[in-house]
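Chemist: Below: one structure in structure tokens.
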Amino acid sequence: MDNTTRYERLRERYMNGDLERRSFLGLLGAAGLAYGVQTPFAKFAHAANVSEVRFDGWGGVVSEALRENAFEPFEKETGIEVVDGTFGGGDEYLSRVKASQPGEYNIAHLSGVFDYARYHNLGLTTTLNEDNIPNLQYVIPKLVDVFRNVTDGKLSCVPYDYGTTGLAYNRKHVSDEEMKEKGARILIDENLEGKIGGWGDWRTRIWYAALQTGQDPNNATDMEAIWDAIRTHRDLALKYWGSGAELMSLLAEEEIYVTEGWSGRIYALQEQGHDIGYMDPPNGYGWQECMFVIKGSPMEACEELLNFMLEPQTAIAVAEGQNYPPALDPNKVDLGDKIPKLPAFDPTGKLDGLTFADPAYWNGNEGEWSKKFGRIQKGY
């Protein structure tokens, strides 16, 4: 019996329910190894020794989209369980990882190249075997290259989505014309005192304070003006929000009328029928997210999951669920009808219209600026 016939018969037995998945994968892997053949299912057979992979992300609609469209199909396909975890901010999660044992955390949904660089500087990166992730070919080259530049041409992650942190406003109380006129300064408008919100993240607060004071967020020259703008915003704001779910609740319940917000979460509110406008001001905050594999993780199982997540059908379904454009190149993949309508989507695949944080600049100032913002946040 030739190998092709052998594999087809095994597959037929599996599809008929005569073989359990783990037995099917094991027989395929054993057959391939015995005959020196790398079967299409060999990676599954090797990964079958791993029973679970832990994934940590941002929760809310993002985690729901990943669970429904990526993790559950992956579990059915491979028999490997994806254990979900969530976090409210990158700093909080990094503290958890640093205090953990190797292998306790596996894949993280990180935001920004500066986070990637931080993990690399702490010795937490891995080296992915890109041969195990063929769907990487569909990703926008610019999104891949920025990560390669940090880790000497290698990758410890795959880019997954991108978006913006722009200005969200309730059109019942703030008009489109007023937003265009005031831009980022709407967040320090005294007429809206008590109806202003903001994310309690030091980078975001500094970025928007730079815009409010007419400075380049990636090269500010007057930090005192920035700190003053942050204090003004703090005093006028109802509160800092700490998660996407809280952001959506504050806007939906009209507790706040204006805030900066994540593009996908604002689109979700619009889909729900709320009259919330969204605007990216000049030099607005663009970001990209990646699926990062942490040192000590089961590499083949993680690579298999990443490749599954980058499968165009899967990535598009997740993108439509979480409302952020996928990292897939629109020049290589037909992204359907919804994704081109999402905020921040770039039909060219070049992303020239987005301003991303300079990792060296922001990480180089993290120690000083995060502490300074922490003091201001507490009222100093």
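The values are calculated or read from the model by the stated rules, or taken from the named source; none is laboratory data. Every value quoted in this text rests on a predicted model; they were computed, and no experiment measured them. A quick note on method: Cβ atoms are made from the backbone with ideal geometry, for glycine too, and the neighbour counts reach across all protein chains shown. Ligands, DNA and RNA are stripped out before the accessible areas are found, and what is left, the full protein with its side chains, is counted by its heavy atoms. Shrake-Rupley method; radii C 1.70, N 1.55, O 1.52, S 1.80 Å.
Chemist: Straight-line reach from LYS76: which lysines fall under 24 Å, measuring Cα to Cα and dropping same-chain residues less than 8 apart?
Modeler: LYS43
Chemist: Turning to a different aspect of this structure: Which of the listed residues, PRO340, TYR361, ALA70, is farthest toward the dipole's positive end in the chain, when Lys, Arg count +1 and Asp, Glu count -1 at the beta-carbon?
Modeler: Checked the options; the winner is TYR361.
Chemist: I'd like to compare 345-353, 56-64: which one has the highest average count of other Cβ atoms within 10 Å, and what's the full order after that?
Modeler: Per-residue mean Cβ counts within 10 Å order the peptides as 56-64, 345-353.
Chemist: Now, a different point. For the chain, what proportion of DSSP beta bridges, expressed in % and rounded to the nearest 5, is antiparallel?
Modeler: 60
Chemist: Next question, about the same structure. With +1 on each Lys and Arg Cβ and -1 on each Asp and Glu Cβ, how big is the dipole of region 239-380 about its Cα centre, in debye rounded to the nearest 20?
Modeler: So the magnitude is around 600 debye.
Chemist: Related question: For the chain, build the charge dipole from Cβ charges (+1 Lys, Arg; -1 Asp, Glu) around the Cα centre, then report which of TYR162, ILE316, ASN129 sits farthest towards its positive end.
Modeler: Positive-end residue among those listed: ASN129.
Chemist: Can you give me the % of accessible surface on region 136-273 that is carbon or sulfur? Probe 1.4 Å, all protein chains present, nothing else counted.
Modeler: C and S atoms contribute 41 percent here.
Chemist: Which of GLY336, GLY112, GLY261 ends up with the largest GNM mean-square fluctuation for the chain, with Cα atoms connected below 10 Å?
Modeler: GLY336
Chemist: Let me ask something additional. Taking each pair of distinct Cα atoms in region 256-329 once, what is the resulting Kirkwood hydrodynamic radius in Å?
Modeler: 14.9
Chemist: OK, next. Over 29 Å between Cα atoms: which of LYS142/LYS338; LYS154/LYS372; LYS98/LYS154; LYS195/LYS372 fall into that group?
Modeler: Too far apart for the 29 Å limit: LYS154/LYS372.
Chemist: For region 197-352, what is the Kirkwood hydrodynamic radius in Å, using each pair of distinct C-alpha atoms?
Modeler: It is 17.8 Å.
Chemist: Would you check the accessible area of VAL50, probe 1.4 Å, heavy atoms only, in square angstrom rounded to 10?
Modeler: 40
Chemist: Using the crude model of +1 on Lys and Arg Cβ and -1 on Asp and Glu Cβ, and no other charge, please compute the dipole size for the chain relative to its Cα centre, in debye to 20.
Modeler: 680
Chemist: If you don't mind, another one. With the Cα gyration tensor of region 243-296 giving a ≥ b ≥ c as the square roots of its eigenvalues, does the rule (a/c under 1.5 for rounded; else a/b larger than b/c for prolate; else oblate) give rounded, prolate or oblate?
Modeler: Cα axes put region 243-296 in the prolate bin.
Chemist: Under a point-charge model restricted to the Cβ atoms of Lys and Arg (+1) and Asp and Glu (-1), what is the dipole moment magnitude of region 127-284 relative to its Cα centre, in debye to the nearest 20?
Modeler: The dipole of region 127-284 has a size of about 220 debye.
Chemist: Please give the peptides 163-170, 181-188, 359-366 ranked by average Cβ packing (other Cβ atoms within 10 Å per residue), highest first, as a rough proxy for protection.
Modeler: Highest-to-lowest ranking by the protection proxy: 163-170, 181-188, 359-366.
Chemist: Shifting gears a bit: In Å², and per residue, what accessible area does the chain have when probed at 1.4 Å with the other protein chains present?
Modeler: 43
Chemist: For all pairs of alpha-carbon atoms in the chain, what percent lies in each bin of width 10 Å, listed from the first bin to the last filled one?
Modeler: 5, 22, 30, 23, 11, 5, 3, 0, 0
Chemist: Okay, moving on. With everything on Cα atoms, drop me the angle between helix 3-15 and the longest principal axis of the chain, reported from 0 to 90° to the nearest 10.
Modeler: Computed tilt is about 60 degrees.
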